[in-house]
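Read through the structure below, which is laid out as structure tokens, and then see the notes.
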Amino acid sequence: MISAVDKIAAMAPYALADLGPTGTISMAQNESAFRPSPSALHAGQQALAASELYPDPEWGALRTAIAKVHGLRRDDLLCGAGSMELIGALIAGFAGPGDEVLGCQYGYAYFATACQLSGTRYVTAPEPQLKVDPEEILPMVTGATKIVFVCNPGNPTGTVVANSALVRLRENLPIDVLLVIDQAYGEFCDPMDDPEVLFDLVARGNTVLTRSFSKAYALAGARVGWAYAPKAIGEQIRKILNPNNVSAVSQEMARAAVLDQEYLAELVRRTSELRDSFSDNCRVLGVQVPESGTNFALLRFASPMDAVRANEALRKNGLMARAMGGYDLHDCLRITICDRPVMERALAVLKEMEL
Ligand SMILES: *Cc1c(COP(=O)(O)O)cnc(C)c1O
């Protein structure tokens, strides 16, 4: 019989969102409510015509654009087929059997999967108020800890910790522990917080930031993410990534998207407005909603039973929310912010439910 190696055979398939029957509107995967930048679509179409060629393995034009927009060192940027590829490579490259990776209670589920793939133990620090807390992380660091992962803003919580608190976390971690800050939703917060203080951490040699084009940039289907990493770490990660990991079309779409900051700002503004008004309306109904810095809202109902009822009622109305049992948040649903008619429909369903 052909059998997979033990650690793979023991793994469950990655739990993607249940998207419901065709015709259902997904509010389950934090995709953008809006279309990509027209210049990104145009650039992708242009690149399509040269599809006989392999993509640029150095992601040259894309890195130049990211570096220019954020004021970063181009050589310290890496691009991935989604930030998931970069997260997987970081764990594969810097942790293994006998090591520990330390995440947070409600951290991104893929960290655990990538640890299983590399045979690394994954442990998590509590998030008391559904919020990453450096005071909870630090006591959990052991001699075996190789990497600490923090999502800011968090998924599925949506909550944000100040970048200054993450700088203090870095200062209190041992210097030989790699800190990875997953900023998949960073663009939603850049205007409010000071993104440079985290970019500056990278120069110290033991911090990596990851970002994504899937959320604020509305390019989930293109699969592009980037990391800002110290040179010595980036060189190791590069060996693990597929040499031609990001398609030529996707590189061009992401390049044009990052150069269209005006469009991004408009998407962020519109998404935030829809999120805040939906969240306020849910609070009026008695549902708890933590302040979110993302394109989704976490709805916390009075009981797990109410969360199940709400999920069923939404589903009956063609709307798929994301149940949170996998995070042990049985009283919660995570709702991706969609366009105004969809948000109004979701709210109407919740209003009718008599919570
Ligand atoms: C969506 C998401 C990612 C991965 O995004 P990619 O599509 O792989 O770029 C990573 N981290 C968090 C917290 C996310 O929500």
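Residues of the stretch 11-42 that are among the small types (G, A, S) and either in contact (Cβ under 8 Å) with a residue 12 or more places away in the chain or within 16 Å of the ligand (Cβ to nearest atom) (or both): A15, A17, G20, G23, S26, A28, S32, A33, S37, S39, A40. Among the criteria (1) of a type outside the set (A, V, I, L, M, F, W, C); (2) exposed (fewer than 10 other Cβ atoms within 10 Å of the Cβ); (3) within 16 Å of the ligand (Cβ to nearest atom), the one S3 does not fulfil is (3).
When the residues of the stretch 19-69 are narrowed to those that are among the charged types (D, E, K, R) and part of a loop (DSSP other than H, G, I, E, B), which ends up farthest from the chain's Cα centre (by Cα)? Ranking the candidates gives E52 first. Could you look through the stretch 155-174, keep only residues that are in a loop (DSSP other than H, G, I, E, B) and under 22 Å from A89 (Cβ atoms), and pick out the one that is nearest to the ligand (Cβ to nearest atom)? Among them, the one singled out is N155.
Pick out, from the stretch 183-296, the helices (runs of 4 or more DSSP H) lying fully within it that include 3 or more residues that are out of contact with any strand residue (DSSP E or B) (no Cβ under 7 Å at 6 or more places or on another chain), touching a residue at least 60 places away in the same chain (Cβ under 8 Å) and of a type in the set (A, V, I, L, M).
Details: elements: 186-189, 195-202, 231-240, 248-259, 261-284.
So the answer is 248-259, 261-284.
Looking across the stretch 297-318 at every residue that is in contact (Cβ under 8 Å) with a residue 60 or more places away in the chain and crowded, with 23+ Cβ neighbours inside 10 Å, the one that is farthest from the chain's Cα centre (by Cα) is identified as L314.
Cβ-Cβ distances below 6 Å connect the following pairs, each with a first residue in the stretch 137-163 that is among the hydroxyl-bearing types (S, T, Y), a second residue that is within 15 Å of the ligand (Cβ to nearest atom) and part of a loop (DSSP other than H, G, I, E, B), and a separation of six or more residues or different chains: T157/Y106; T157/L130; T159/L130; T159/K131. Filter the stretch 70-103 down to the residues that are of a type in the set (G, A, S), out of contact with any strand residue (DSSP E or B) (no Cβ under 9 Å at 6 or more places or on another chain) and assigned to a helix (DSSP H, G or I) and list them by number. Of everything in the stretch 70-103, those that are of a type in the set (G, A, S), out of contact with any strand residue (DSSP E or B) (no Cβ under 9 Å at 6 or more places or on another chain) and assigned to a helix (DSSP H, G or I) turn out to be A92, G93. Looking at the stretch 103-130, which of its residues are under 20 Å from A92 (Cβ atoms) and among the hydrophobic types (A, V, I, L, M, F, W, C)? Matches in the stretch 103-130: A109, F111, A112, A114, C115, L117, V123.
Is it fair to say A95 is crowded, with 23+ Cβ neighbours inside 10 Å and either over 23 Å from L130 (Cβ atoms) or at pLDDT below 95 (or both)? Give the derivation first.
Details: crowded, with 23+ Cβ neighbours inside 10 Å: yes; either over 23 Å from L130 (Cβ atoms) or at pLDDT below 95 (or both): yes.
So A95 passes the test.
Restricting E85, E58 to residues that are of a type in the set (D, E, K, R) and buried (at least 18 other Cβ atoms within 10 Å of the Cβ) narrows the list to E85.
Looking at the structure I just gave you, is S303 closer than 19 Å to V160 by Cα and at pLDDT 95 or above? Full working, then the answer.
On the way: closer than 19 Å to V160 by Cα: no; at pLDDT 95 or above: yes.
So S303 does not fit the description; no.
Applying the selection to the stretch 234-247, what residues are more than 21 Å from the chain's Cα centre (by Cα) and either crowded, with 20+ Cβ neighbours inside 10 Å or over 26 Å from G44 (Cβ atoms) (or both)? Result: E235, Q236, K239. Does G225 fit the bill of being more than 16 Å from the ligand (Cβ to nearest atom) and under 27 Å from P97 (Cβ atoms)? So G225 fails the test.
The values are calculated or read from the model by the stated rules, or taken from the named source; none is laboratory data. Here the structure is a predicted model, which means the values were calculated and not measured. For neighbour counting, all protein chains shown are included, and Cβ atoms are generated from backbone atoms with ideal geometry for every residue, glycine included.
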